[in-house]
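Participant: Questions regarding the structure given below will be posed in turn.
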Amino acid sequence: MARAIPGRAIGMAKTATAAKTNGRAVRRPRHRSRQKAAWLFTAPALVAYAVFVLYPMGLTMQYSLYDWDGVGPSTWVGLDNYAQVFTDPELLDTILHAFELILYFCAVPVVLGLAIANTIRGIATTRLALAARTVLFVPQVIPLVAAGITWSWLLASDDLVNQVLSAVGLGGVTRAWLGDFGTALPAVGVIGAWVLLGLCTLLLLAGMSKIDPTLYEAARIDGAGPLREFFSITVPSLRQEIGVCVTVTVIAALASFDIIYISTQGGPGNSTMVPGLQIYRLAFFSREVGLASALAVVLMVLVLACVLPIQRLTREAR
């Protein structure tokens, strides 16, 4: 039987300890060099973000405290521009219109997107599924300007939508949908919902592809029907994807500009005026740069107040 040699064991232990210490000493410089390399690669993006996002944001906040026409000397007014934003009925209406658009830009695409994505998942092995995905994604590749012009034609008093309504016996409800005070904002909302539906459907469809099929098999063995599967498995599994869809569409509603500028110019009257378009008009037509900047800051705060809770809920779900 071999005998242990204490001196040799102690030497081996010292060697192992020295090796570990040397290994850490080698890893630390490598770790630091990787951190330096990461900062080096990130630096151009950080500089661009600071120059093109943070700096203009700071200037906007500065301008919001002045009465300035954009050319001549400015006058310090403090928070008067913000007080006007919250007391002027016309400016308040623009904010309310943006929140009303959330119903069309967010609720409709997400709910319809869930239903359509679930249907496409059920026919995923057929060619019809590929055709449906392609058709639904078409609005995403069409410029918003073109979409606004096309829908303006379709919703005109003598164009396709009203012709179809007349053909099915609903001629009494036909009108110039974008020119009527009562229907202009919902009509703009329909255009936004059409644009965002494809994006939401594809995001939700991608999320559905990651759900474990054994969950559905187990549910069917337990006697669950398609509706129970949808609400008990599909919807809870898509919590993060739904959060992304809601975030994107809420921002699109609150910061909407393109579609409304092309389709209605904020009219008739101010029935479709939204903060984005109002900021443009105040700054470049009325030459009230300070008031426009204050409205822009308020809009940014509203967007953050709506989006951050959604992001927090999504993070907690993880």
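Participant: State the number of residues belonging to region 38-92 that are of a type in the set (Phe, Trp, Tyr) and within 22 Å of Leu277 (Cβ to Cβ).
Facilitator: 4
Participant: If you take the residues in region 27-80 that are within 28 Å of the chain's Cα centre (by Cα) and among the hydroxyl-bearing types (Ser, Thr, Tyr), which one is least open to solvent (accessible area, probe 1.4 Å)?
Facilitator: Among those that are within 28 Å of the chain's Cα centre (by Cα) and among the hydroxyl-bearing types (Ser, Thr, Tyr), it is Ser64.
Participant: Look at region 200-211 and say how many of its residues are open to solvent by less than 70 Å² (accessible area, probe 1.4 Å) and either in contact with a Ser or Thr (Cβ under 6 Å, 6 or more places away or on another chain) or not in a helix (DSSP H, G or I) (or both).
Facilitator: 1
Participant: Working only within region 276-318, note down all residues that are small (Gly, Ala, Ser) and either assigned to a helix (DSSP H, G or I) or surrounded by 20 or more Cβ atoms within 10 Å (Cβ to Cβ) (or both).
Facilitator: Scanning region 276-318 gives Gly276, Ala283, Gly290, Ala292, Ser293, Ala294, Ala296, Ala305, Ala317.
Participant: Scan region 212-250 for residues that are under 14 Å from Gly122 (Cα atoms), open to solvent by 70 Å² or more (accessible area, probe 1.4 Å) and of a type in the set (D, E, K, R) and report the count.
Facilitator: Total meeting the criteria: 1.
Participant: While we're looking at this one, here's another question. For Tyr216, are the conditions met, namely being aromatic (Phe, Trp, Tyr), more than 30 Å from Trp68 (Cα to Cα), free of Cβ contacts under 8 Å to residues at least 60 places away in the same chain and in a helix (DSSP H, G or I)?
Facilitator: Against the criterion (aromatic (Phe, Trp, Tyr), more than 30 Å from Trp68 (Cα to Cα), free of Cβ contacts under 8 Å to residues at least 60 places away in the same chain and in a helix (DSSP H, G or I)), Tyr216 qualifies.
Participant: From (1) within 27 Å of the chain's Cα centre (by Cα); (2) more than 14 Å from Leu136 (Cα to Cα), pick out the condition that doesn't hold for Leu203.
Facilitator: Going through the list (1) within 27 Å of the chain's Cα centre (by Cα); (2) more than 14 Å from Leu136 (Cα to Cα), Leu203 breaks only (2).
Participant: For region 76-90, which residues satisfy the criterion of being of a type in the set (A, V, I, L, M) and touching a helix residue (DSSP H, G or I) at 6+ places or on another chain (Cβ under 6 Å)?
Facilitator: Answer for region 76-90, where residues must be of a type in the set (A, V, I, L, M) and touching a helix residue (DSSP H, G or I) at 6+ places or on another chain (Cβ under 6 Å): just Val85.
Participant: If you don't mind, there's one more thing I want to ask. Tell me which residues, restricted to region 85-127, are under 20 Å from the mean Cα position of the chain (by Cα), open to solvent by 60 Å² or more (accessible area, probe 1.4 Å) and not aromatic (Phe, Trp, Tyr).
Facilitator: Result: Leu96, Glu100, Leu103, Val111, Leu112.
The values are calculated or read from the model by the stated rules, or taken from the named source; none is laboratory data. Note that the structure is predicted; figures quoted are calculated from it, not measured. Glycine also receives a Cβ, built like all others from the backbone with ideal geometry; neighbour counts cover every protein chain displayed. Accessible surface is based on the protein model in full, side chains and every heavy atom, while ligands, DNA and RNA are left aside. Shrake-Rupley method; radii C 1.70, N 1.55, O 1.52, S 1.80 Å.
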